[in-house]
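S.K.: Have a look at this one.
The values are calculated or read from the model by the stated rules, or taken from the named source; none is laboratory data. Given the structure is predicted, the values throughout are model-derived calculations rather than measurements. When we count neighbours, we look across all protein chains shown, and the Cβ atoms used for this are built from the backbone with ideal geometry, even at glycine. Surface areas here come from the heavy atoms of the whole protein model, side chains and all, with no ligands, DNA or RNA. Shrake-Rupley method; radii C 1.70, N 1.55, O 1.52, S 1.80 Å.
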Amino acid sequence: MDTYNLTVLKYFILTGITGLPELEAPLFGLFLIVYMISVVGNLGLIILTKIDSRLQTPMYFFLRQLSFTDLGYSTAVGPKMLINFIVDQPTISYHWCSIQLTFFSVFITTEVFVLSAMAYDRYVAICHPLLYTIIMSQRLCHVLVAIPYLYSIFISLLTIIKIFISSFCGHNIIRHFYCDSLPLISLLCSDTHEIKLIILIFATFNLVSSLLVISISYILILVAILRMNSSEGRHKAFSTCGSHLTVIVIFYGTLFFMYAQPKSNHSFETGQMASVFYTLVIPMLNPMIYSLRNKEVKQAIHRKCKMCVNILL
């Protein structure tokens, strides 16, 4: 390998979101606000569901995990993206690129299965209310979160190690605003068939298995709701699922928009905007959805605010 190749492999150049310099300042301000709202919202939900005695149920345990994964993958991408708006040449070192990709992959994969666990939790709560506390034990809740984390770490390290032990051609320009697996694979000189196959298999398994759990859970929930005689009971059952369904539609809708459309219609700008949406905007929206649509969360926020006011006075 010549000196040029040895030099460029020390870092990668990120093309960023836009190539127009006049848009960099407005976009920096916009995404800074989005990221800060996301951090405050998700940290707030994590703390609130941890300290409020009335939110110590499996539903809010999984909500806390969702906020943690949202915070994790948005922080893996957001700060570096913001820094790259204000530097002359947006770069990321070879090692930091692998670290960023690892953390992003772990948290985004875990979130898929946390959403599935939340759907199963709602199924048990609505279809088996008398057995809810027995079935959704603390041990089961921890298992339903621990297994996705262990699985996500395994597949993330497997794919990322395979990418970074492969030979790069000397080109170091990543057409993205963060280190993602597919843009990195396009820079490899060695055969990429095995790596692409591994990513395809795991990505398909993740989406199909999680959507299968969610679909079956909500079909059974719908059947149970339709069998209810009380309109008040039906309304209460629908309201407990509303926030989760909204989050699922936004999250999976964005993923399908990115990957299900024909390549001929999939422009670079469209892909970038979709990536921004699920890496920064969705983590900002999730706390808002659960705060605005969930009566118990709103009451908990009101109690804590009232307590803070009393302390200050």
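S.K.: Quick check on segment 128-182: of everything there that is within 18 Å of the chain's Cα centre (by Cα) and of a type in the set (S, T, N, Q), which residue is most open to solvent (accessible area, probe 1.4 Å)?
M.R.: S181
S.K.: T7 fails exactly one of the following numbered conditions: (1) at pLDDT 85 or above; (2) open to solvent by 30 Å² or more (accessible area, probe 1.4 Å); (3) among the β-branched types (V, I, T). What is the number of that condition?
M.R.: Evaluating T7 over (1) at pLDDT 85 or above; (2) open to solvent by 30 Å² or more (accessible area, probe 1.4 Å); (3) among the β-branched types (V, I, T) leaves (1) as the failure.
S.K.: Of everything in segment 214-262, what is open to solvent by less than 20 Å² (accessible area, probe 1.4 Å) and either within 24 Å of the chain's Cα centre (by Cα) or under 30 Å from Q272 (Cβ atoms) (or both)? Give them in sequence order.
M.R.: Taking segment 214-262 as the starting set, the residues that turn out to be open to solvent by less than 20 Å² (accessible area, probe 1.4 Å) are 214, 217, 221, 225, 237, 241-244, 247-248, 251-252, 254, 258.
Across segment 214-262, the qualifying residues are I214, S217, C241, G242, S243, H244, V247, I248, F251, Y252, T254, M258.
S.K.: Of all residues in segment 62-108 being open to solvent by 20 Å² or more (accessible area, probe 1.4 Å) and of a type in the set (S, T, Y), which is nearest to T15 (Cα to Cα)?
M.R.: Ranking the qualifying residues of segment 62-108, first place goes to T91.
S.K.: From the list T69, T75, exactly one residue is in contact with a helix residue (DSSP H, G or I) (Cβ under 6 Å, 6 or more places away or on another chain), modelled with pLDDT of 95 or more and in a helix (DSSP H, G or I). Which is it?
M.R.: Values: T75 fails: in contact with a helix residue (DSSP H, G or I) (Cβ under 6 Å, 6 or more places away or on another chain).
Matching residue, one of T69, T75: T69.
S.K.: So, of the residues in segment 22-61 that are of a type outside the set (A, V, I, L, M) and open to solvent by 90 Å² or more (accessible area, probe 1.4 Å), which turns out to be nearest to L82 (Cα to Cα)? Even if it seems obvious, please write down each step before you answer.
M.R.: Our first condition is that a residue be of a type outside the set (A, V, I, L, M); within segment 22-61, this holds for 22, 24, 26, 28-29, 31, 35, 38, 41-42, 44, 49-50, 52-54, 56-58, 60-61.
Now narrow it down to the ones that are open to solvent by 90 Å² or more (accessible area, probe 1.4 Å): 22, 50, 53-54, 56.
On the way: E22: 15, K50: 30, S53: 37, R54: 37, Q56: 36 Å.
For segment 22-61, the residue satisfying everything is E22.
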